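Scroll down for the structure; my scribbles are underneath it.
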Amino acid sequence: RTVVIDPGHGGDSTGAEYYNLSEKDLNLTVSNYIKDDLEQYDHVKVFLTRTDDIDSSYAVRMDYAKAKKADYIISIHFNESDAHDQIGSQIYVPSKKKLSEEILPVAFGIADSLESAGIVSGGIYSCVDDHGNDYYGLLRQAARANIPSLIVEHLYMDRKEYLPFINSEEALSRLAALDAEAIAKGLQLHSEALAVDDPEMETPGWEVTALDESFSHPSLAKVSVSEYEQIKDDSCLFTLKIQGKDEDKDLYGYRVSVDGGKHFRPLIRFKDGREEAFYDLVLRKGDSPAICVLVFNEDHLSVVSDPLNPFLGITLKQSEEEEAVEE
């Protein structure tokens with residue numbers, strides 16, 4: 001197998017820039033680590049479309065991939081959002097069914113790996129323009145060359161909670177290792193050195209959402225306390241009110257996190273087209289919960305709410321034993 005890794009951006013095309021980090025540099029560093037990891041597998045050749053800080057067109061990158069007789073192209077990116085209200089990974093695959101089916105095991109694997117590491121999956125998508133061609137340039141060029149490809153947007157650089165994933169060489173190496181293992185499993189690569197004879201492939205847990213170029217995210221995600229009941233000295237049963245809004249699309253569902261977005265619970269559907277829901281949750285004050293919700297529209301695109309500590313502004317009643325101790 002020949003795998004071409006495309007470190008996105010380069011040169012004057014810097015990509016996202018936050019916290020003194022530049023996306024073009026992260027893309028190249030992660031791509032180099034992926035190359036090193038994949039080359040530990042047998043019968044695989046790995047090439048990078050750039051090894052320096054240069055910018056080149058999609059056509060030039062594709063010419064390089066074709067010259068190397070690429071079987072697959074994987075483009076490495078990081079993300080940002082104008083309103084800084086989106087989180088997680090997003091993966092884009094070709095709209096052409098044959099090409100997407102060949103690369104989907106890799107896409108599913110990367111989404112699973114990132115989610116298990118604490119980067120929630122924002123979805124796997126194909127996106128087309130008004131002419132029915134792939135919206136993103138690299139996928140469009142790869143489709144014309146009949147090469148299966150994908151773009152992985154690992155995380156949103158403008159979200160401070162993701163800094164631990166990108167603020168050191170060690171962190172970037174770990175992130176690349178997640179990618180490399182997922183690529184190896186998806187392509188059924190073997191490795192005598194790593195003692196990998198038959199990579200285990202789990203049943204894919206994701207679906208592909210087809211978008212056109214007018215895609216948009218919901219405009220609001222909000223969580224608040226509707227009511228609460230103290231059930232122990234330091235614990236309460238909270239009924240959370242979850243609200244979403246989207247001017248263009250119907251809302252689909254939501255996911256709840258109690259740790260500020262590091263991990264999210266399974267998706268729950270909004271009922272009967274409503275834009276609000278109620279969610280019961282038992283929380284302990286000593287755990288310092290940070291509740292946030294991801295609200296999804298019918299295209300499975302999402303926004304995240306601001307975090308909420310539901311204990312703020314609440315005075316818990318003390319037990320008689322605690323009152324006696326204080327006295």
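Condition check ((1) surrounded by fewer than 22 Cβ atoms within 10 Å (Cβ to Cβ); (2) at pLDDT 95 or above) across all residues:
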{"position": "Val60", "(1), (2)": "yes, yes"}
{"position": "Lys66", "(1), (2)": "yes, yes"}
{"position": "Lys69", "(1), (2)": "yes, yes"}
{"position": "Phe78", "(1), (2)": "no, yes"}
{"position": "Asp82", "(1), (2)": "yes, no"}
{"position": "Val93", "(1), (2)": "no, yes"}
{"position": "Ile103", "(1), (2)": "no, yes"}
{"position": "Val106", "(1), (2)": "no, yes"}
{"position": "Leu114", "(1), (2)": "no, yes"}
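For Arg140, work out the one condition from (1) touching a Gly at 6+ places or on another chain (Cβ under 9 Å); (2) in a helix (DSSP H, G or I); (3) surrounded by fewer than 21 Cβ atoms within 10 Å (Cβ to Cβ) it doesn't fulfil.
(1)
Quick one: is Asp129 touching a strand residue (DSSP E or B) at 6+ places or on another chain (Cβ under 9 Å), under 30 Å from Pro307 (Cβ atoms) and either open to solvent by 30 Å² or more (accessible area, probe 1.4 Å) or among the polar types (S, T, N, Q) (or both)?
Against the criterion (touching a strand residue (DSSP E or B) at 6+ places or on another chain (Cβ under 9 Å), under 30 Å from Pro307 (Cβ atoms) and either open to solvent by 30 Å² or more (accessible area, probe 1.4 Å) or among the polar types (S, T, N, Q) (or both)), Asp129 does not qualify.
Which of the residues spanning the range 258-295 are touching a residue at least 60 places away in the same chain (Cβ under 8 Å) and not β-branched (Val, Ile, Thr)?
Gly260, Gly261, Lys262, His263, Phe264, Cys292, Leu294 - these are the residues of the range 258-295 that are touching a residue at least 60 places away in the same chain (Cβ under 8 Å) and not β-branched (Val, Ile, Thr).
How many of the residues making up the range 207-231 are more than 30 Å from Val128 (Cα to Cα), open to solvent by 70 Å² or more (accessible area, probe 1.4 Å) and touching a residue at least 12 places away in the same chain (Cβ under 8 Å)?
Total meeting the criteria: 4.
If you go through the range 156-172, how many residues are open to solvent by less than 40 Å² (accessible area, probe 1.4 Å) and either part of a helix (DSSP H, G or I) or on the phi > 0 side of the Ramachandran plot (or both)?
Of the residues in the range 156-172, 4 are open to solvent by less than 40 Å² (accessible area, probe 1.4 Å) and either part of a helix (DSSP H, G or I) or on the phi > 0 side of the Ramachandran plot (or both).
Which numbered condition in (1) among the acidic types (Asp, Glu); (2) touching a helix residue (DSSP H, G or I) at 6+ places or on another chain (Cβ under 6 Å); (3) crowded, with 22+ Cβ neighbours inside 10 Å; (4) in contact (Cβ under 8 Å) with a residue 60 or more places away in the chain is the only one that Asp37 fails?
(3)
Provide a single number: the residues in the range 238-263 that are part of a loop (DSSP other than H, G, I, E, B) and either out of contact with any Cys (no Cβ under 9 Å at 6 or more places or on another chain) or exposed (fewer than 15 other Cβ atoms within 10 Å of the Cβ) (or both).
Looking only at that region, the number is 7.
Can you tell me which residue within the range 143-155, out of those that are of a type in the set (Val, Ile, Thr) and under 29 Å from Gly118 (Cβ atoms), is surrounded by the most Cβ atoms within 10 Å (Cβ to Cβ)?
Of everything passing the filter in the range 143-155, Val152 is surrounded by the most Cβ atoms within 10 Å (Cβ to Cβ).
The values are calculated or read from the model by the stated rules, or taken from the named source; none is laboratory data. Since we're looking at a predicted model, the values are computed, not measured. All Cβ positions, even for glycine, are placed from backbone atoms using ideal geometry, and neighbour counts span all protein chains on display. These area figures cover heavy atoms from the full protein model, side chains too; ligands, DNA and RNA do not enter into them. Shrake-Rupley method; radii C 1.70, N 1.55, O 1.52, S 1.80 Å.
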